[in-house]
Amino acid sequence: MCIAKRMILCFLLIIATCLYSSCVKEYYYYGDADYHNSSNTDNNNSTGKISVNFSATIEDAITATRASGWPEPLPKGCYVNIYVYNVGDYPGDGNYIYMGVYRATRDGYISPQGNTMMLEKGLYNFYATSAYNFDQPKGPQFNNTTGIATDLYNGIDYLWWKDENVLVSKYDQTISILFSRCCAKLTFEMEAAYNHTLNSVTHFDITTSTPSECRFSLRTGKITPSTTVTTSKQMCDINGTEASVVILPLDTWKNLTATIYATVDNKGNWYTLSVPHKYSDIYRAGYEYEYELKFNGTSVN
């Protein structure tokens, strides 16, 4: 082979190696430090299986004004489902090689509810979901053939994460999970109108998305929006003068309807509220929509 051809071949090999390396993600654990995209290798663990651990945080919800805060640790008690695929396989295209149920033993740290994940050295695609609520240990049930879940509910703050082309090569690796939010949140700040007193709010329910119309993709983390509003109501969480609810994504021009029982000026009364679209016709995943309500004893606005 002539010198020119050898030089061209070597140049192409160098380019191919660089492109491959730029796609590979490596996580190594040294004490409390987490290093991403490290180039270190460990010949002592070139054979056998490697234990893989996880930490977990959640992206802050985005308000309708697009302001967001720092990620927060996954709270103690939350369950997480972690799915592992070989590189080249994805939810809906192939079967996962591992699925484990985890739970946060303390804020930000999750432990398996069984054996520690052990993987051969190699490249993998990781996915995780959480129903956030402590009483939902298994979260959405994804079909292993389609990678789609249909058993969804309003009132559950579904979380999702993926990281692909991750190199498992170091003993006792820790992989950082950063969950994104898959649902929308409505928050109602309540107060008395001028010259009135809001004593308490003891009931707040609202119409929501139609769950049977929604599909949750494990590969993309997207929940297809419902296009119709339910006739049944979802109870909101009430914390003093604030009420909030998490709903599945919703795409409709129809206003939601809330029913509230509040005591104003020491007199209890039922209120019906038509909740308008403030910013668009879609309640988008990962967004929080804020409303301010004022009670005057006969109506709420």
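The values are calculated or read from the model by the stated rules, or taken from the named source; none is laboratory data. Note that the structure is a prediction, hence the values are computed from the model and not measured. All Cβ positions, even for glycine, are placed from backbone atoms using ideal geometry, and neighbour counts span all protein chains on display.
Values as computed for the structure displayed
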{"read-out": "Per-region count, region 226-258, residues more than 27 Å from SER200 (Cβ to Cβ) and hydrophobic (A, V, I, L, M, F, W, C)", "value": "4"}
{"read-out": "Residue check for LYS233: assigned to a strand (DSSP E or B), in contact with a strand residue (DSSP E or B) (Cβ under 7 Å, 6 or more places away or on another chain) and over 26 Å from GLU120 (Cα atoms)", "value": "yes"}
{"read-out": "Matching residues, region 236-250, being assigned to a loop (DSSP other than H, G, I, E, B), among the hydrophobic types (A, V, I, L, M, F, W, C) and over 30 Å from TYR90 (Cα atoms)", "value": "CYS236"}
{"read-out": "Failed item in (1) closer than 30 Å to THR224 by Cβ; (2) at pLDDT below 90, with TYR171 passing the rest", "value": "(1)"}
{"read-out": "ILE282, sole failed condition from (1) surrounded by 17 or more Cβ atoms within 10 Å (Cβ to Cβ); (2) hydrophobic (A, V, I, L, M, F, W, C); (3) without any contact (Cβ under 8 Å) to a residue 60 or more places away in the chain", "value": "(1)"}
{"read-out": "In region 78-106, the residues that are farther than 20 Å from GLU164 by Cα and within 16 Å of the chain's Cα centre (by Cα)", "value": "CYS78, TYR79, ARG103, ALA104"}
{"read-out": "Some residue of region 256-279 being within 15 Å of ASN154 (Cβ to Cβ) and not in a strand (DSSP E or B)", "value": "no"}
{"read-out": "Residues (under 21 Å from LYS222 (Cβ atoms) and in contact with a Gly (Cβ under 7 Å, 6 or more places away or on another chain)) located in region 91-103", "value": "PRO91, GLY92"}
{"read-out": "Index of the failed condition, ASP205 passing every other in (1) surrounded by 19 or more Cβ atoms within 10 Å (Cβ to Cβ); (2) out of contact with any helix residue (DSSP H, G or I) (no Cβ under 9 Å at 6 or more places or on another chain); (3) of a type in the set (D, E, K, R)", "value": "(1)"}
{"read-out": "Pairs, first without any contact (Cβ under 8 Å) to a residue 60 or more places away in the chain in region 147-166, second among the aromatic types (Phe, Trp, Tyr) and part of a strand (DSSP E or B), C-beta under 6 Å, six or more apart", "value": "LYS162/TYR127"}
{"read-out": "Checking ASP205 against (1) assigned to a strand (DSSP E or B); (2) of a type in the set (D, E, K, R); (3) in the same structural domain as TYR90 (by TED's automatic domain parsing), the condition it does not meet", "value": "(3)"}
{"read-out": "In region 175-195, residue farthest from SER244 (Cα to Cα) [restricted to those that are surrounded by fewer than 22 Cβ atoms within 10 Å (Cβ to Cβ) and under 17 Å from the mean Cα position of the chain (by Cα)]", "value": "SER176"}
{"read-out": "Any strands (runs of 3 or more DSSP E) falling wholly within region 93-174 and containing at least 3 residues that are surrounded by 21 or more Cβ atoms within 10 Å (Cβ to Cβ)", "value": "122-130, 159-168"}
{"read-out": "Residue count for region 213-230, restricted to those that are in contact with a helix residue (DSSP H, G or I) (Cβ under 9 Å, 6 or more places away or on another chain) and part of a loop (DSSP other than H, G, I, E, B)", "value": "4"}
